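Structure, as structure tokens:
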Amino acid sequence: MRFAFLLIIILINMSVQAQRIRDFGIEPGVLPTGKWNAITDVEGVRVGQVTLIAGDSVRTGVTAILPHPENIFQQKVPAAIHIGNGFGKLMGISQVRELGNIETPIVLTNTLSVPTAANAVIDFVLEKNADVRSVNAVVGETNDGYLNDIRGRHVQEQHVLQAIAEAKNGPVQEGNMGAGTGTRCFGWKGGIGTSSRTLPETMGSFTVGVLVQTNFGGVLQIDGVPVGEELGKYFLADQLNEDADGSCMIVVATDAPVDARNLERVAKRAMLGLARTGGIASNGSGDYVIAFSTAASLLIPYYVGAEFYETKTLHNDHLSPLFLATIEATEEAILNSLVAAETMSGHKNRKIEALPMERVKEILKKYGR
């Protein structure tokens, strides 16, 4: 077979966790995290990843996020999508915006593999649902073509289906994993990152989880410290024009009963979390936020029975804690993607270094962190 040489690494179940930003004493924000400090802290959410590494040119993969373990097409979740900057190829956006729901797993991959991933998602839904003739696959991407032979389109449908099939709850592997295998961020190695926040009982005890695929630029900040500036590696540093283009896919999950209208408001706040890390949503960046609620009372059945859809949703006046949770979890997820990522060489002998954490620790200490 054409791609039989590929080394497929499934790392979602590994017990060894890469380093995270909290391992260095940095705890962004004021809210507590969930058990795993991951998007999977939102009950029912599962993540699966397939990492493709082969030879000196294949550095890519797939990350799949399942909102709940049941048939998602039959029990759709309320959802919204916010565009931070639209230089991207997010598939399925118009129907999500029109109807306010998601009916498939959310898949992240590289730019030129979006159609392949969509075909796999469609196959997955059709296999589980007889007589279905319309499927709105939601597939996001970032361009990993610097380290990956992206024109080779090495992601196949089987890889997407495998990521979906092996999706699990619990810890999520970060850094050079799945859709983040070949990405870069702030001039350093980027990748997959995740984080979560929980609200106190007086605010509903709700959980917000975020997963990111980082591949963008700007001026890196960690907990307000100008790390990128101190390292001399940032956009427009000495007019060297360190590239700020790229993309960031952000997926926000919550168990709070929030409808599509307010999920869009939640999604907008994720961009504030990106900004807190120094991201600028540049002209050539595709920055998208997909937000959904797993609240059982808001699941939308495929087969409509009653004429009216009766739900109970969170009041506008009680959304601010969710906004803060989203900002904090997004910021930390991005930082985790950087800290967990390792130096990688790839296509055309290019190399992206990992964020030099020993130097970063010195800088943080300098600023009293």
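The values are calculated or read from the model by the stated rules, or taken from the named source; none is laboratory data. Being a predicted model, the structure only gives us computed values, none of them experimental. Please note: Cβ atoms are built from the backbone with ideal geometry, for glycine as well, and neighbour counts cover all protein chains shown. Please note that ligands, DNA and RNA were not included when accessible areas were found on the heavy atoms of the full protein model with its side chains. Shrake-Rupley method; radii C 1.70, N 1.55, O 1.52, S 1.80 Å.
Could you work out the helix-only [θ] at 222 nm for the chain, with each DSSP H run of four or more residues adding -39,500 (n - 2.57) and the total divided by the number of residues, to the nearest 500 deg cm²/dmol?
-7000 deg cm²/dmol
With an 8 Å Cα cut-off and a minimum separation of 6 or more residues, compute the relative contact order for the chain in percent.
Numbers: 1006 pairs, mean separation 89.3, N = 369.
With pairs under 8 Å counted, the relative contact order is 24 percent.
List the residues whose amide H sits under 5 Å from the amide H of Gly278, counting only those 5 or more places along or on another chain, with H placed 1.01 Å from N in the peptide plane.
Excluding prolines and chain starts, which carry no amide H, the hits are Gln221.
When ligands, DNA and RNA are left out and all protein chains stay put, how many square angstrom of accessible area per residue does the chain have with a 1.4 Å probe?
Accessible area per residue: 42 Å².
As a test, work out the antiparallel percent of DSSP beta bridges whose residues both lie in the chain, rounded to the nearest 5.
On the way: 50 of 64 bridges.
Antiparallel bridges make up about 80 percent of those DSSP assigns within the chain.
Answer with one residue from Ser247, Leu322, Gly34: the one whose Cα lies farthest towards the positive end of the charge dipole of the chain, charges on Cβ with Lys, Arg +1 and Asp, Glu -1.
It is Ser247, whose Cα lies furthest towards the positive end.
So what does Glu362 come to for accessible area, using a 1.4 Å probe and Å² rounded to 10?
110
Beyond 18 Å, what share of the Cα-Cα pairs of the range 290-369 remains, rounded to the nearest whole percent?
69
Tell me the carbon and sulfur percent of the accessible area for the chain, rounded to whole percent, probe radius 1.4 Å.
With neighbouring chains kept in place, the figure for the chain is 49 percent.
Give the total of Lys-Lys pairs in the chain with Cα-Cα distances below 17 Å; include a pair only if its members are 8 or more places apart or on different chains.
Taking the Cα cut-off of 17 Å, the pair count is 8.
Which ³J(HN,Hα) values, rounded to whole Hz and listed in residue order, are derived for the range 112-122 from phi using the Karplus coefficients 6.51, -1.76 and 1.60 in 6.51 cos²θ - 1.76 cosθ + 1.60 with θ = phi - 60°, glycine and proline given as x?
Each residue's phi maps through the Karplus curve to give 7, 9, 4, x, 4, 5, 5, 4, 5, 4, 4 Hz.
So what is the relative contact order for the range 305-369, in percent, with contacts set as C-alpha pairs under 8 Å and at least six apart?
The normalised contact order for the range 305-369 reaches 18 percent.
Students sometimes get this wrong: rank Asp255, Asp56, Asp123 by accessible area, probe 1.4 Å, all chains present, largest first.
Asp56, Asp123, Asp255
Let a ≥ b ≥ c be the square roots of the eigenvalues of the Cα gyration tensor of the range 127-247; is it rounded (a/c under 1.5), or, if not, prolate (a/b larger than b/c) or oblate?
oblate
Enter the accessible area of Met357 (Å², nearest 10), with the probe set to 1.4 Å and all protein chains included.
20
From the phi of every residue in the range 246-257, what ³J(HN,Hα) in whole Hz does the Karplus formula 6.51 cos²θ - 1.76 cosθ + 1.60 yield, where θ is phi - 60° and glycine or proline is x?
Result, ordered by residue: x, 6, 9, 9, 10, 10, 10, 10, 8, 9, 5, x Hz.
With semi-axes √(5λ) of the Cα gyration tensor in Å in mind, check [x] 29, 24, 21; [y] 31, 25, 17; [z] 49, 24, 20 and report the label derived from this structure.
This structure yields the entry labelled [y].
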